[in-house]
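*Asks:* Have a look at this one before I ask anything.
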Amino acid sequence: MGKLEERSFQISLYWKYRSQFAFAAPNYTPRKWWECDMWALLRSGYTIEYEIKMSMSDFHADKNKERIFYESNDDHTAKKHDMLSDGHHYAPNRFMFVVPHSIQAQAEKAIPDWAGLLVVHSPRLITKAKTAPLIHKNKEHQQTLEHCMTCLTNRYWPMLEQLQRTGATQ
């Protein structure tokens, strides 16, 4: 998936759902989780992960994501989709796949029970093909929220500096 395409979907998601967000972070990795194409804290206090898939091969490959978790007495490997299916407390409260209209029909047939599906028809037209169910009711830890705010701050200021150097902002 090209970063430009992914970025345009992220921007579209932000504009569509911004009134529901306390804040949203593109390409953010919450503590003890995987990198999210877009991760948002909703005003309700719940979190939602948006996973952008531009092709069905990318969609299917997502189920193979795994990582090692280093716990105090139990280091183990886990698959992301298993943790979402099991309602693990590290998972976001809701999970949405986001796909272009061109693969909507195929994605609707392959969508897991624990995930929702958004379809991008154009930069300003996103439809909900399937509502994301609540995976668990735990609100996000303050430590993760502070980590996200730090990451966003550390991205914002260098970008602002670069814009100033290129003369794109006054």
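*Asks:* Per q in 0.14, 0.24 Å⁻¹, report the Debye log10 I(q)/I(0) for region 81-151, using one uniform scatterer on each alpha carbon and no solvent.
*Replies:* The Debye formula, applied to the Cα set alone, gives -0.54, -0.99.
*Asks:* Now for a different question. If packing is taken as the mean number of other Cβ atoms within 10 Å per residue, what is the order of 125-138, 33-46, 151-164, highest first?
*Replies:* Working: 125-138: 14.6, 33-46: 18.4, 151-164: 11.1.
Peptide ranking by packing, descending: 33-46, 125-138, 151-164.
*Asks:* Right, something else. Counting only pairs 8 or more places apart or on different chains, how many lysine pairs in the chain have C-alpha atoms closer than 17 Å?
*Replies:* Summing the qualifying lysine pairs gives 20.
*Asks:* For region 46-170, what is the convex hull (Cα atoms) projected area averaged across all directions, in square nanometres?
*Replies:* With the hull built on Cα positions only, its mean projection is 10.7 nm².
No value in this document is a laboratory result; all are computed from the given coordinates. Keep in mind that what you see is a predicted model, and the values were worked out from it rather than measured. Positions of Cβ are generated from backbone atoms using ideal geometry, with glycine treated the same way; all protein chains shown enter the neighbour counts.
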